[in-house]
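Just below is one structure, and these are the notes that go with it.
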Amino acid sequence: MSLAKITQIKALALAVPGDDIDTDRIIPARFLRCVTFDGLGDHAFRDERTGPDGKDRPHPMNTPQAKRAGILVVGFNFGCGSSREHAPQSLWRFGFKALVGGSFAEIFFGNSTALGVPCLTLSKDHLAELSALVQQKPELEVTVDVQNLKVSAGDKVWPASIPASARDGLVNGKWDPIADLLDGAAAVEQTASKLAYVVGK
Amino acid sequence: MAKTLFQKVWEAHTVRQLPNGQTQLFIGTHLIHEVTSPQAFGMLRDLGLKVKYPQRTFATVDHIVPTNELKEPYSDPIAQEMIEALRKNTKDFGIRFFDTNTGNQGIVHMVGPEQGITQPGTTIACGDSHTATHGAFGAIAFGIGTTQVRDVLATQTLALSPLKVRRIEVNGVLAPGVYAKDVILHIIRKLGVNGGIGYAYEYAGTTFENFSLEERMTVCNMSIEGGARCGYVNPDQKTFDYIKGKPYAPKAADWDAAVARWKSFASDAGCQYDDVVKFNAADIRPTVTWGITPGQAVFIDEKMPDLNTLNAADRQTAEDAYKHMKLAPGSAIKGTKVDVAFLGSCTNGRISDLREVAKYLRGRKVSSSVKAIVVPGSQLTAIQAVHEGLDKVFIEAGFEWRGAGCSMCLAMNPDKLVGDQLCASSSNRNFKGRQGSQTGRTVLMSPLMVAAAAITGQVTDAREVFKV
Ligand code: SF4
């Protein structure tokens, strides 16, 4: 399996501010009633975007730049809550190829990386600057540099971070671990043979 | 060298280091359900792969099962499609499926322990964030995404990085009317909803030692709400007694060896923790959430926080929360009108929860303004409850008695809030929209507090209502 090397993403960005945005808000549970991930992009942030009356309400995802944006700028503890991969799937299918935030919930982060979507973190102040800039200048191109751990926009450059294992996987085109895991088959069998409950005791 | 349970289990299951520095970790037990597995089977088929150890994956159906409609086809065709997909996938790949006609179906985190599949010193993964529940038995158990479900199916392993371990000690005796649920809500309130990021939580101290396995499960279950990927309690005699005789428990000659092995996994005296936090059981009172994250909680007799007492970051979430909950900052939560009472979920849908509530419910009536439902988490729980006559107690009090499933814990089945209804709920998440209505409101609490809310039509103190 050969995967794209994800070193740098240049795109317009969209800010969806707020901390502790959970996976139920990213993709409400009723859209998990499905057997494929197809079409989930349409439902990203559905209940935030649409009021109970079915009408659109003011939300960054309803602005014209949302459709054109490839980078999502969020707050802290983004993606907390359930393990549903439907959450990053819906963002990815909507068109976001990278996320920048203050911090990410662990399962969400892992699910995103496994899709080849880097989630980089900035310091609180830098994130606030980026978020404000993106909101003021929707036409500004933002660069998420996974290789060099930087996020830049206009003449601004901020240091960014991402755990080393995720970064290496992305930039080397090994963000989906399945090939490596399959490679270890012999070692897997050896480990299994030493576990009494696995061999049936 | 003295080691934690986490380290010992990790080492015993380490296959090798991966080129990216992560560990290839063997997953001894894999649990699946209808929501997060179909796409994984799809990926497996696309890649032309088989299930490596089909006998180490166990399936059940829980999220989409309608709890008031026991016959198929279900009125929701998508629910029907999902259950059928799981039937087909488990059949095609030779996986044991605890289907609705087996008498063993239920919420995946209840089925594992009930069947004796959940055992100490093992690794457990499931495409569900509340997998931490199984840590009550001294297992390292965590939730995974669908691509990882594929990884486990195909290789029985995952690519992971080790976690740090925080020991959370609670010592002493809980006052009457204070439960395991209050303990975990209190811990999350104090350590924060992201306080656990990067950690496994080891729950220790006399309070947890005195807890039954069911109480330990309630605590471990909500580790994820505290940001921790997994939580566990060291195995002890109570753990072994619980497992003994269960269908998948080691039998006869294997039993003693298994117990010896399980004991050896407990954290060693004098081992190093990355962090230690201590609480006194006596300081904990019945706790309820007032906001839209499980950390936004107060004791029932406390006032909700004033906005200007919060730091800037908390304040923003709190403003959002007060607006959504239609509650006034600085006021009492006690007395807030309740429309729905939900008793169930993998946090508090076990037999001990039903018994405890039933003990106080006899002779009381649900308020005419409240819709109250009780949903046993599993068929075995339901059967046991009926055997003990608990269903009658609930029905006589005015609760609807339902079939096993996730029900109103989340909105994937017909049990949903309507409009801005406020639900007193024994479940684990109070996120906006979690219970099926965008404007619906959830207040998390212990089962007995749910019963008190059902009877009085208000968020109230169960200790007063039931003279506990
Ligand atoms: S009861 Fe709720 S938390 Fe538990 S598995 Fe079901 S939906 Fe998830």
Binned Cα-Cα distance frequencies in chain B - 10 Å width, integer %: 4, 21, 31, 27, 13, 2, 0
Over 20 Å between alpha carbons, listed pairs B:Lys337/B:Lys432; B:Lys50/B:Lys251; A:Lys174/B:Lys8; B:Lys244/B:Lys359; A:Lys124/A:Lys156; B:Lys337/B:Lys416: B:Lys50/B:Lys251; A:Lys174/B:Lys8; B:Lys244/B:Lys359
Could you please tell me the mean projected area of the C-alpha convex hull for the range B:14-160, averaged over all directions and given in square nanometres to one decimal? 8.9 nm²
Tell me the total accessible area that A and B bury against each other, 1.4 angstrom probe, in square angstrom rounded to 100. 5200 Å²
Compute the accessible area of each residue in the range B:236-260 twice, once for its chain alone and once with every protein chain present, using a 1.4 Å probe on heavy atoms, and list those whose area falls by at least 40 Å². B:Asp254
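Multiply the residue separation of A:Ser193 and A:Arg49 by 0.36 nm, subtract the distance between their alpha-carbon atoms, and state the gained length in nm to one decimal.
On the way: separation 144, 0.36 × 144 = 51.84 nm, distance 5.17 nm.
Between A:Ser193 and A:Arg49, full extension yields an extra 46.7 nm.
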I need two numbers for the range B:105-150: Rg to one decimal and Dmax as a whole number, Cα atoms only, in Å. 10.0, 27
What is the mean projected area of the alpha carbon convex hull for the range B:287-465, to one decimal in square nanometres? 9.3 nm²
Report the label-to-label distance for A:Asp56 and A:Glu141 in nanometres (one decimal), using points 7 Å from each Cα along the Cα→Cβ vector. 2.7 nm
With the full set of protein chains present, the residues of the range A:11-34 whose 1.4 Å probe accessible area falls by 20 Å² or more relative to the chain alone are A:Asp19, A:Asp20, A:Asp22, A:Asp24, A:Arg25, A:Ala29, A:Arg30, A:Leu32, A:Arg33, A:Cys34
Roughly speaking, to the nearest percent, how much of the range B:14-160's 1.4 Å accessible area is carbon and sulfur? 52 percent
Pick out, from B:Ile300, B:Gly405, B:Met325, the residue whose Cα sits farthest towards the positive end of the charge dipole of the range B:287-465, with +1 on the Cβ of Lys and Arg and -1 on the Cβ of Asp and Glu. B:Gly405
Just want the answer: with Cβ charges of +1 for Lys and Arg and -1 for Asp and Glu, which residue in B:Leu49, A:Ile71, B:Val468 is farthest toward the dipole's positive end in the protein assembly as shown? B:Leu49
Any idea which of B:Ala313, B:Met222, B:Ile78 is furthest toward the positive side of the dipole for the protein assembly as shown, if Lys and Arg beta-carbons carry +1 and Asp and Glu beta-carbons -1? B:Ile78
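Report the charge-dipole magnitude of the protein assembly as shown in Debye, nearest 20, computed about the Cα centre from +1 at each Lys and Arg Cβ and -1 at each Asp and Glu Cβ. Don't skip to the end; give the middle numbers.
Numbers: 73 positive and 69 negative charges, 61 e Å.
It comes to approximately 300 debye.
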Place the peptides A:125-135, A:48-58 in order of packing, highest mean first, counting for every residue the other Cβ atoms within 10 Å and averaging per peptide. A:125-135, A:48-58
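Share of chain A's accessible area from carbon and sulfur, percent, 1.4 Å? Before the final figure, lay out the partial values.
On the way: 4070 of 7920 Å².
Carbon and sulfur together cover 51 percent of it.
Say R0 is 45 Å: what FRET efficiency, to the nearest 0.05, do B:Val468 and A:Asp155 get from their beta-carbon distance? Let's see the in-between values first.
Numbers: r = 64 Å, r/R0 = 1.43.
With a Förster radius of 45 Å, E is 0.10.
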Tell me the Kirkwood radius of chain A: reciprocal of the mean inverse pair distance over distinct alpha-carbon atoms, in Å. 17.9 Å
Amide N of the range B:233-275 lying under 18 Å from the label point, which is placed 7 angstrom from the Cα of B:Thr102 along Cα→Cβ: B:245-250
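B:Thr23: net charge of surrounding residues, Cβ under 12 Å, Lys/Arg +1, Asp/Glu -1, itself excluded? Mind dumping the intermediate values first?
Values: positive: B:Arg16; negative: A:Asp180, B:Glu11.
The answer is -1.
Expressed as a whole percentage, what fraction of the accessible surface of the range B:287-465 belongs to carbon and sulfur atoms when a 1.4 Å probe is rolled over the protein heavy atoms? Mind dumping the intermediate values first?
Details: 2930 of 5790 Å².
That fraction is 51 percent.
Please calculate how many Å² of accessible area the protein assembly as shown carries per residue, with a 1.4 Å probe and no DNA, RNA or ligand atoms counted. Walk me through the numbers before you get to the answer.
Values: 23210 Å² over 669 residues.
Accessible area per residue: 35 Å².
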Taking a crude spin-label model, label points 7 Å out from Cα along the C-beta direction, the B:Lys246 to B:Ile78 distance in nm is 3.3 nm
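In percent, how large is the relative contact order of chain B, given Cα pairs closer than 8 Å and 6 or more residues apart? Don't skip to the answer; put the middle values down first.
Values: 1106 pairs, mean separation 80.0, N = 468.
That works out to 17 percent.
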Using the alpha-carbon centroid of each, what span in Å lies between the range B:46-107 and the range B:130-201? 26 Å
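In debye, nearest 20: dipole of chain A around its Cα centre with unit charges on the Cβ of K, R (+) and D, E (-)? Don't skip to the end; give the middle numbers.
Values: 22 positive and 23 negative charges, 48 e Å.
In debye, rounded to 20, chain A gives about 220.
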Determine the residues within the range B:418-439 where the difference in accessible area between the chain on its own and the full set of protein chains amounts to at least 50 Å²; count protein heavy atoms only and use a 1.4 Å probe. B:Phe431, B:Lys432, B:Gln438
Nearest 20 debye, what's the magnitude of the dipole of the range B:211-349 about its Cα centre given +1 on Lys and Arg Cβ and -1 on Asp and Glu Cβ? 320 debye
Taking the range A:8-173 and dividing mean pair separation by its residue count, relative contact order in percent (alpha carbons under 8 Å, at least six apart): 26 percent
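The values are calculated or read from the model by the stated rules, or taken from the named source; none is laboratory data. Computed from a prediction, not measured in an experiment: that's the story for all the values here. Heads up, the Cβs are rebuilt from the backbone with ideal geometry, glycines too, and the neighbour counts pull from every protein chain shown. What goes into the accessible areas is simple: the full protein's heavy atoms, side chains included, and nothing from ligands, DNA or RNA. Shrake-Rupley method; radii C 1.70, N 1.55, O 1.52, S 1.80 Å.
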